[in-house]
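Only one structure is covered here, and it is reproduced in the block below.
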Amino acid sequence: MNISPPDAVRADDLTVLRGSRAVLRGLSFAVPRGRITGLLGPSGCGKSTLLRAVVGSQAKVTGTLEVLGRPAGHPALRARVGYVTQAPSVYDDLTVRQNLDYFAAILDPGRSAAPRRREDVARVLADVDLTDRADALAGHLSGGQRSRVSLAVALLGSPELLVLDEPTVGLDPVLRRDLWALFHALADRGATLLVSSHVMDEAERCHRLLLLRDGAILAGGGPRAQGETPAALRERTGADTVEAAFLHLVDEAAAADRAQRGTTR
């Protein structure tokens, strides 16, 4: 009998407060292993807050949030989860290789691990196609190259879960295509990717989708729900594209809100 592996991420009634305002409101969802789950929604809808909660760096989180079978932020997850923020997290006065060697040493500080660290650095340099820029100062790289260095840092140690906060924003179409090819190659190797974006055409590149607006899930959520495929979302809403499906759901939610306000007057 085949038993499906537990979800990489599972949330139930996840809420995040900022002051007295709920930035995320009672989210329930699951992220299946070995797949690319896209977290899509407009700027300011709570995507970055949700990703910070998943990696354990967000304050004032209530509800249940499990990552790889542990509470989010558990020390045992440090080497199992890779995180790429919107702003590249690199040291400008170090070369690309020195940046990677530094972060690899933090992940695995034992002296005996040095040969393995060198192999790991060489592997991730090849993954992000920066081998020929390995000895360039990070401060001299283009914005797209710096983003790739940040991704390489996250790939050190072959994490089981990659959390990527708008990793393709501002990149040219060729580099975006190449990064998505890498994301799919990583998923084929068994990694789980949770990728946020406000670019709706990137939804078609994901296996599953969570659509977020104003801190609430419009599609793909629910207890143990593993997102929704792009095809299923288009079919359910009668839309030709995921963007059109999203706008349909936004209009539907707005109409429901107006009806609710009308009944409470």
Any idea what the dipole of segment 81-158 comes to, in debye rounded to 20, about its Cα centre with Lys/Arg Cβ at +1 and Asp/Glu Cβ at -1?
-> 140 debye
Place +1 on the Cβ of every Lys and Arg and -1 on the Cβ of every Asp and Glu in segment 187-265, take the dipole about the Cα centre, and give the residue among A253, C206, G190 whose Cα lies farthest towards its positive end.
-> A253
Rounding to the nearest 20 debye, state how big the charge dipole of the chain is about its Cα centre with +1 on each Lys and Arg Cβ and -1 on each Asp and Glu Cβ.
-> 800 debye
Between the residues A122, A87, V149, the Cα farthest towards the positive end of the dipole of segment 81-158, that dipole coming from +1 and -1 charges on the beta-carbon of Lys, Arg, Asp and Glu, is from A122
To the nearest Å, what is the center-to-center distance of segment 32-55 and segment 60-96, using C-alpha atoms only?
-> 13 Å
Can you list the HN-Hα couplings for segment 130-147, worked out from phi with the Karplus curve (6.51, -1.76, 1.60; θ = phi - 60°), rounded to whole Hz and with x for Gly and Pro?
-> 10, 4, 6, 10, 4, 9, 8, 5, 4, x, 9, 8, 6, x, x, 5, 5, 4
Please give the calculated 222 nm ellipticity per residue for the chain, where each DSSP H segment of at least 4 residues contributes -39500 (n - 2.57) and the sum is spread over every residue; nearest 500 deg cm²/dmol?
-> -11500 deg cm²/dmol
So what's the Cα pair-distance distribution over the chain, bin width 10 Å, in %?
-> 7, 28, 34, 21, 8, 2, 0, 0
Connecting every pair of Cα atoms under 10 Å apart in the chain and solving the GNM, the largest mean-square fluctuation among L233, L94, L40 falls on L94
How many angstrom separate the Cα center of segment 101-151 from the Cα center of segment 179-257?
-> 31 Å
Of the trypsin sites (Lys or Arg not before Pro) in segment 135-210, those whose Cβ has at most 14 other Cβ within 10 Å and which sit in DSSP loop | R189
Gaussian network model of the chain, springs between alpha carbon atoms under 10 Å - residue of L24, L249, L156 with greatest fluctuation = L249
Extreme residue, positive dipole direction of segment 12-94, given options L77, L27, S57 (C-beta unit charges) | L27
Would you mind listing how long segment 81-158 runs along its three principal axes, going by Cα atoms, in whole Å with the largest first?
-> 34, 25, 21
Segment 56-138: chymotrypsin sites (Phe, Trp or Tyr not before Pro) in DSSP coil with no more than 15 other Cβ atoms inside 10 Å = Y91
Considering only A152, A254, A76, give the residue with the highest GNM mean-square fluctuation for the chain, with springs between Cα atoms whenever their separation is below 10 Å.
-> A254
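Quick note: the coordinates plus some simple rules give every number you see, no bench work behind them. Treat the numbers as computed from the prediction; the structure is a model and nothing was measured. Glycine gets a Cβ as well: all are built from the backbone with ideal geometry, and neighbour counts include every protein chain shown.
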